[in-house]
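Asker: Before we start, here is the structure in question, set down as structure tokens.
The values are calculated or read from the model by the stated rules, or taken from the named source; none is laboratory data. Treat the numbers as computed from the prediction; the structure is a model and nothing was measured. Ideal geometry is used to build each Cβ from the backbone, glycine not excepted, and the neighbour counts take in all protein chains shown. Ligands, DNA and RNA are stripped out before the accessible areas are found, and what is left, the full protein with its side chains, is counted by its heavy atoms. Shrake-Rupley method; radii C 1.70, N 1.55, O 1.52, S 1.80 Å.
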Amino acid sequence: MRGIFSTTILLAIFSFAQFDDFLVVATPRYNTVCNINAPTKHAGGKWQYVLDEDFNGKELNPDIWTARQSVEVGHLRELQYYRPENVEVNNGLLLLHTKEERYENWSYTSGWVDSNFKFGIRYGRVCVRARLPAQQPGFHPAHWLMPLSETCWPGAGEIDVMEMLSGDGVVHATYHYNKNYTRIGCNNNSAEEGTSVFNIEDPSFSDSFHEYAVEWTEESLTYFVDGKPYLSLYPSDKEMDSVSQTPMYFIINNALGRWAGRVTNATGFPIVHEIDYIRIMQDSSEKGSEVVLPNHKKNADHAGNEFARSTLEVLNQRSLFRRKV
């Protein structure tokens with residue numbers, strides 16, 4: 001379904017008062033959560049696209065995306081070295097390539113793209129239409145959100161929209177949080193809640209493109225596959241005090257090892273993770289919704305090929321927590 005929408009990235013939106021002349025686009029002919037005709041939370045509201053990325057150009061839009069170099073993968077004890085050369089935009093698709101090749105003392109290279117220091121949101125629907133590789137031991141593709149602010153992980157939360165392990169046909173949705181981090185410090189007695197799985201037997205996630213999505217509001221998180229909700233999280237149901245209210249940026253990547261298990265002789269390289277679109281829309285009636293555009297000039301060094309130190313520290317905290325569970 002590529003080409004239904006043109007790429008529309010709004011870089012001057014800070015409130016819904018500026019949406020009067022917004023582009024109205026056709027409703028897609030397949031099941032999607034990112035449909036501007038969907039009901040809003042309160043009467044009188046309307047859904048608006050704040051990011052509509054169809055990858056119809058020849059390269060990533062540098063105002064939104066950065067393909068990372070290294071990403072200090074040693075912190076996560078994974079097997080891949082991330083390189084911009086493993087990220088490709090071609091024929092309306094974002095392609096993340098994972099290869100078996102020697103580079104900087106690593107045996108594998110892979111692709112990582114994020115919007116850190118460039119584009120973030122608080123609340124809304126985040127939709128990614130992708131085709132995932134099948135039956136690749138040790139392979140771990142992911143679509144997820146992390147806080148823009150410096151924070152003690154996972155105090156401000158982490159929203160994992162989609163993760164798949166080894167092409168097993170099961171996608172995982174997770175929300176990480178720790179309501180007591182200000183009192184007990186990072187990772188001590190951290191909580192990880194809301195893990196769920198959704199299984200599509202026919203067709204498999206590798207046979208065709210599917211849309212993986214989350215709706216993030218002040219009160220809840222709801223996860224979807226192809227427009228069908230399969231997991232909802234509410235603070236009243238869990239020990240968490242609230243859903244994260246911290247603006248977050250988006251990440252899409254291919255990892256190897258760790259949670260996905262060992263790479264074996266059955267792992268068929270190269271592996272390609274295909275992304276058709278990334279769309280984010282917000283409800284004008286949702287209190288607190290915002291688009292965050294960090295100061296590009298101030299963060300120019302951070303937005304290059306290496307993560308900023310604060311982001312590395314957060315990822316390091318994340319890996320320390322993962323090792324404890």
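Asker: Report, in listed order, any pair from Lys118/Lys287; Lys99/Lys228; Lys58/Lys228 with a Cα-Cα distance greater than 26 Å.
Answerer: Table pairs above 26 Å Cα-Cα are Lys99/Lys228; Lys58/Lys228.
Asker: Quick one: with all protein chains in place, what share of the accessible area of segment 208-290 is carbon or sulfur, to the nearest percent (1.4 Å probe)?
Answerer: Carbon plus sulfur share of accessible area: 44 percent.
Asker: Listed highest first by mean packing, meaning other Cβ atoms within 10 Å per residue, what order do 103-115, 42-54, 270-282 come in?
Answerer: Ranked from most to least packed, the peptides come out as 270-282, 103-115, 42-54.
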